[in-house]
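Reviewing the structure listed below.
The values are calculated or read from the model by the stated rules, or taken from the named source; none is laboratory data. As the structure is a computational prediction, the values presented were derived from the model and not from experiment. Neighbour counts are summed over all protein chains in view; Cβ atoms, including those assigned to glycine, are modelled from backbone coordinates with ideal geometry. Ligands, DNA and RNA are stripped out before the accessible areas are found, and what is left, the full protein with its side chains, is counted by its heavy atoms. Shrake-Rupley method; radii C 1.70, N 1.55, O 1.52, S 1.80 Å.
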Amino acid sequence: MKHLLDVSDLSIAEIDQLIDTASDIIDNPEKYQEKCRNKKIATLFFEPSTRTRLSFEAAMLELGGSVLGFSEAASSSAAKGESISDTVTVVSCYADIIAMRHFKEGAPMAASLKSNVPIINAGDGGHNHPTQTLTDLLTIKKEKGRFDNLTVGLCGDLKFGRTVHSLINAMVRYDNIKFVLISPEELRLPDYIKHDVLDRNNIEYNECTTIEDAISELDILYMTRVQRERFFNEADYERLKDSCILNTEKMKKAKDDMIVLHPLPRVNEITTSVDEDPRACYFKQAMYGKYIRMALILKLLGVE
Ligand code: CP
């Protein structure tokens, strides 16, 4: 049995295989509509979600399976003080696979130690979000056609942004990747990622504070939200929330084939006028999320 806790649990060959399967599902959905007949996914979401939870549920339904779960801790027995271990021990008697989001870093790892079925980390605190990264990789493959020779701008909350941390971990394995880290000083990428991931893999990167400083050199601009829920006080959030905003004026300085990604939800870091720009791929990215999660469910359940 295999879990997905971190994107580095998957080899490059396994990621390629997932992308191939997702592409085949997009082209031939009818081939897959009975693949998970009589299988159930439990979505255990202790933190809010729209895309991740609903795309996992849509993925299982489109594979012919069923879904159960909860969308907030308050409606589960966690509200009565039940531990993650006990919850998962029980739910793994009811479901064939579990997707879990939790506000505590490491919670899906703790769950995996007790589970009789595969656990998928659907986001743990400010740590990791591996299925978002698989979504991002499928989008990059579809829109850019390659994972190498790319200059990637990562913009916004690089300190607490789990999608950014996972994406960096995935992309450092490809050739000739350069990162431009765009954020206010207070939301810089943590030193442990700079040292243990970027430096250790000899990845070129530089840091700046404005989109204008970087946008003309980028192949991909990955925008993220400044996350109110990760701040210890509201005043800091208010001061930093509008640090980096992408608008149509700034898009004029970008390459014609640059793509804009965002894991969503967006607050106001991308003005809605950018949505009309053909380089804005974030809604397409959300759509790809369902297909890569279908491929992942098939893989973890060992369905041919
Ligand atoms: N990208 C993402 O994780 O979105 P949700 O929080 O809506 O699941």
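Couple of notes before you dig in:
- For the stretch 125-170, a residue qualifies if it is touching a Cys at 6+ places or on another chain (Cβ under 7 Å) and surrounded by fewer than 19 Cβ atoms within 10 Å (Cβ to Cβ), and exactly one does: 143.
- Looking across the stretch 99-133, the residues that are under 19 Å from residue 290 (Cα atoms), of a type in the set (A, V, I, L, M) and within 16 Å of the ligand (Cβ to nearest atom) come down to 99, 100, 120, 122.
- Check on residue 235, surrounded by fewer than 20 Cβ atoms within 10 Å (Cβ to Cβ) and farther than 30 Å from residue 35 by Cβ: yes
- Single match in 152, 164 (criterion: under 19 Å from the mean Cα position of the chain (by Cα) and within 16 Å of the ligand (Cβ to nearest atom)): 164
- Among the residues making up the stretch 66-120, those that are in a loop (DSSP other than H, G, I, E, B) and touching an Asp or Glu at 6+ places or on another chain (Cβ under 7 Å) are 103, 104, 105, 106, 117.
- Scanning the stretch 121-141 for residues that are under 8 Å from the mean Cα position of the chain (by Cα) and part of a helix (DSSP H, G or I) yields 130, 131, 132, 133, 134, 135, 136.
- Answer residue from the stretch 261-277, given it is more than 16 Å from the ligand (Cβ to nearest atom) and modelled with pLDDT of 95 or more and is most open to solvent (accessible area, probe 1.4 Å) among those: 276
- Some residue of the stretch 85-95 being touching a helix residue (DSSP H, G or I) at 6+ places or on another chain (Cβ under 6 Å), under 21 Å from residue 302 (Cα atoms) and either away from the ligand (no atom under 13 Å from the Cβ) or among the β-branched types (Val, Ile, Thr) (or both): yes
- Set 73, 58: member being within 16 Å of the ligand (Cβ to nearest atom), of a type in the set (A, V, I, L, M), within 20 Å of residue 132 (Cα to Cα) and touching a helix residue (DSSP H, G or I) at 6+ places or on another chain (Cβ under 7 Å): 58
- Positions within the stretch 87-101 being closer than 24 Å to residue 6 by Cβ and either open to solvent by 40 Å² or more (accessible area, probe 1.4 Å) or out of contact with any Gly (no Cβ under 7 Å at 6 or more places or on another chain) (or both), in sequence order: 87, 88, 89, 91, 92, 95, 96, 97, 98, 99, 100
- Single residue of 227, 285 found to be at pLDDT below 95, within 16 Å of the ligand (Cβ to nearest atom) and either open to solvent by 40 Å² or more (accessible area, probe 1.4 Å) or under 22 Å from the mean Cα position of the chain (by Cα) (or both): 227
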